[in-house]
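Visitor: First the structure, then my questions, so here it is.
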Amino acid sequence: MAKKLETRLAAAGRGKSSGLKLPNPALERASTVLMERAEHLYEPGRQAYGRMGLSAEAALCDALKALYHDAAWCGLAPSGLAACAFAIRAFCKAGDHILITDSAYGPARSFCLNQLTPMGVEVEFYDPLIGGGIDNLIRENTAVIYLESPGSLTLEIQDVPAICAAAQAHGVPTLMDDTWSAGILCDMFELGCDIAIQALTKYTGGHSDLLLGCIVAKDEAHGKKIEDTLRAYGVAGGPENAWLALRGLRSLPARMRQHEESGLTVARWLAGRPEIGRMTHPALESHPDHALWLRDFTGSNGLFAFELKMDETKTLAFLNALELFGLGFSWGGFESLAIHCNPQIRRDVLPWQGEGSLIRVSIGLEAAEDLIADLDQALNQIA
Ligand SMILES: *Cc1c(COP(=O)(O)O)cnc(C)c1O
């Protein structure tokens, strides 16, 4: 008997795959994964549901594991912040104590304070420059140590090997927000970290058009712990963003070299201007942690900050006078951005010491000489 229209529409145009050999993974959208046979439905280890990721997510995770020198495990989260939050969450329960660098990305700090503290986790911030001195802060119930180097906004370089060695001696796992290095300017696992987190939103995406986070674990046991947490909360990266992030990863080293070169050119020019106070660029010799950066990093990127020796009104006028720099949050895209940081700097251990306004720029892929000309005209306008 001929099938009804509804039944025919449900079956039409399905099961087509080009079968062609293509350079990139298929962009697959699916919640349901169909099984050949009923016996397969509950078979352990079988890819049975879209939330666990399809071809694009799997290809991106493979590439990120390779980037991190054949790491054991990689998982995705819908944003960089979600990756930070779930990675921390995986390692703590009520009654635990956790140590978070005072220079951590603001929303990650807020997650700890607003979500973990009410859960009964004691959240303690530590001086990013503490180094091996962290040993004194580690307690019997310290469940995890969270690092970020260079720090958000203020770009302190942490003594990662010293902190991780102390953590290891106490059997405490270490999480690193590795967004600044994008996994290519530093080998955080070689320095002793157990888990690297990245906002792929930034340099890996590179085009300001996606939100995605990854968590990479050096060993299987840590990976399993995080995977269980991601599964429990129903966290998924999503195929489109994973596909775009993988595409970004292909050109990441080439883009990064250009961001680094232009960033340094612009930073050196700014350093010579009378309106500019302290420069916060770890690759400049004037950076207080420059020696640590030289020891641990192989390069820099286009993100840095500087002090503008002016009050808030002039600072806003300077930002408003910029023509090539967009005014907006995030960084790592092809287009240059600038923000003033003072309203969002949070510190628990030591207050942020700065004169004037801290301006953070993300140097994009425009020609450095045009960016300099733009900064020049904006500084001249407010003089
Ligand atoms: C932007 C950023 C995040 C958060 O990433 P989103 O994808 O925007 O949620 C986390 N850590 C650092 C260091 C960042 O700069």
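The values are calculated or read from the model by the stated rules, or taken from the named source; none is laboratory data. Since we're looking at a predicted model, the values are computed, not measured. Using ideal geometry, Cβ is built from the backbone for each residue, glycine included, and neighbour counts are taken over all protein chains shown. Calculation scope for accessible area: heavy atoms of the full protein, side chains included, ligands and nucleic acids excluded. Shrake-Rupley method; radii C 1.70, N 1.55, O 1.52, S 1.80 Å.
Visitor: Once you have the Cα-Cα distance between Asp62 and Leu113, take 0.36 nm times their residue separation minus that, and quote the gain in nm to one decimal.
Guide: Length gained, Asp62 through Leu113: 15.0 nm.
Visitor: Binning every alpha carbon pair distance of the chain at 20 Å from zero, what are the percents per bin?
Guide: 27, 52, 18, 3, 0
Visitor: For segment 234-383, give the share of DSSP beta bridges that are antiparallel, in percent and rounded to the nearest 5; count only bridges with both residues there.
Guide: Around 85 percent of the beta bridges assigned by DSSP in segment 234-383 are antiparallel ones.
Visitor: I would also like to ask the following. Search the structure for amide H atoms under 5 Å from the amide H of Trp73, placed 1.01 Å from N in the peptide plane, and list their residues when 5 or more places away or on another chain.
Guide: Amide H to amide H, under 5 Å and 5 or more residues apart or across chains, Trp73 pairs with Ala217.
Visitor: Also: Testing the spin-label approximation: label points 7 Å from Cα along Cα→Cβ at Ala317 and Leu294. State their distance in nm.
Guide: 4.0
Visitor: Within segment 303-328, what residues put their amide N at less than 19 Å from the label point 7 Å along the Cα-to-Cβ vector of Glu355?
Guide: 305-316
Visitor: What is the pair-distance distribution P(r) of segment 89-128, computed from all Cα-Cα distances in 5 Å bins starting at 0, with each bin given as a whole percent?
Guide: 6, 26, 37, 22, 9, 0
Visitor: Mind listing the phi-derived Karplus ³J(HN,Hα) values for segment 298-306, rounded to whole Hz, using 6.51, -1.76 and 1.60 with θ = phi - 60°, and x for any glycine or proline?
Guide: With coefficients 6.51, -1.76 and 1.60, one gets 9, x, 10, 10, x, 9, 7, 9, 8 Hz.
Visitor: If a cysteine in the chain has no other Cys Cβ under 4.7 Å from its own Cβ, put it on the list, ordered by number.
Guide: Cysteines of the chain left without a disulfide-compatible partner: Cys84, Cys92, Cys112, Cys164, Cys186, Cys193, Cys214, Cys341.
Visitor: How big is the antiparallel share of DSSP beta bridges in the chain, given as a percent to the nearest 5?
Guide: Given both bridge residues lie in the chain, the antiparallel proportion sits at roughly 55 percent.
Visitor: If you don't mind, another one. Rolling a 1.4 angstrom probe over the protein heavy atoms, how many square angstrom per residue are accessible across the chain?
Guide: So the chain comes to 47 Å² accessible per residue, rounded to a whole number.
Visitor: Leaving ligands, DNA and RNA out of it, report the carbon-plus-sulfur percent of the accessible area of the chain at a 1.4 Å probe.
Guide: Of the solvent-accessible surface of the chain, carbon and sulfur hold 53 percent.
Visitor: Here is a further query. Rounded to the nearest 5, what % of the DSSP beta bridges within segment 29-181 are antiparallel ones?
Guide: The antiparallel proportion sits near 5 percent.
Visitor: Still on this structure, please answer the following. If you add up the charges near Trp73, with Lys and Arg at +1 and Asp and Glu at -1, over every other residue whose beta carbon is less than 14 angstrom from its beta carbon, what do you get?
Guide: Neighbourhood net charge equals -3.
Visitor: Between His97 and residues 5 or more places away or on another chain, which pairs have amide H atoms under 5 Å apart, with H built 1.01 Å from N, and which residues are they?
Guide: Counting only residues 5 or more places away or on other chains, the set is Glu122, Thr142, Ala143.
Visitor: Considering only the other residues whose Cβ falls under 12 Å of the Cβ of Thr117, what net charge follows from Lys and Arg at +1 and Asp and Glu at -1?
Guide: Net charge in that neighbourhood comes out at -2.
Visitor: Counting Lys +1, Arg +1, Asp -1, Glu -1, what net charge surrounds Leu350 among other residues with beta carbon under 10 Å of its beta carbon?
Guide: -2
Visitor: Explain nothing, just compute: Karplus ³J(HN,Hα) = 6.51 cos²θ - 1.76 cosθ + 1.60, θ = phi - 60°, for every residue of segment 74-83 in order, whole Hz, x for Gly and Pro.
Guide: Once rounded to whole Hz, the list reads 9, x, 10, 9, x, 7, x, 4, 4, 5.
Visitor: Related question: So what are the ³J(HN,Hα) numbers for segment 202-212, from phi and the Karplus equation (6.51, -1.76, 1.60; θ = phi - 60°), rounded to whole Hz, Gly and Pro as x?
Guide: Values, residue by residue: 8, 5, 5, x, x, 10, 6, 10, 8, 10, 6 Hz.
Visitor: A follow-up question, please. Report, in listed order, any pair from Lys65/Lys224; Lys93/Lys225; Lys65/Lys202 with a Cα-Cα distance greater than 20 Å.
Guide: Going by Cα-Cα distance, every pair falls inside the 20 Å limit.
Visitor: Another one. Segment 247-287: which GluC sites (Glu not before Pro) are DSSP loop and have at most 12 other beta-carbon atoms within 10 angstrom?
Guide: Answer by residue number: Glu285.
Visitor: Dipole magnitude of the chain about its Cα centre, charges +1 at Lys/Arg Cβ and -1 at Asp/Glu Cβ only, in debye to the nearest 20?
Guide: The dipole magnitude comes to about 1760 debye.
Visitor: Tell me, what is the FRET efficiency for Ala30 and Ile345 to the nearest 0.05, using R0 = 45 angstrom and their Cβ-Cβ distance as r?
Guide: Step by step, r from the Cβ atoms, then E = 0.55.
Visitor: Now for a separate question. Using a 10 Å Cβ count of at most 16 others and DSSP loop calls, identify the longest part of the chain lacking such trypsin sites (Lys or Arg not before Pro).
Guide: 140-308
Visitor: Nearest 10 degrees, 0 to 90: what angle lies between the long axis of helix 368-382 and the longest principal axis of the chain (Cα atoms)?
Guide: 50
Visitor: For segment 18-145, what number results from the quotient of the Cα radius of gyration and 2.2 N^0.38 Å?
Guide: Computed over Cα atoms of segment 18-145, the ratio equals 1.44.
Visitor: Could you work out, for segment 251-383, what percent of all Cα-Cα pairs fall into each 5 Å distance bin, beginning at 0 Å and stopping at the bin that holds the largest distance?
Guide: The distribution over segment 251-383 is 2, 10, 20, 24, 21, 14, 6, 2, 0, given as percents.
Visitor: Evaluate E = 1/(1 + (r/R0)^6) for Lys4 and Lys224, where r is the Cβ-Cβ distance and R0 equals 51 Å; express this FRET efficiency to the nearest 0.05.
Guide: Using R0 = 51 Å, I get an efficiency of 0.60.
Visitor: Can you work out the PRE-style zone for Glu240? Point 7 Å along Cα to Cβ, and I want the residues of segment 2-35 with backbone N under 14 Å.
Guide: Output list for this probe position: 27-30.
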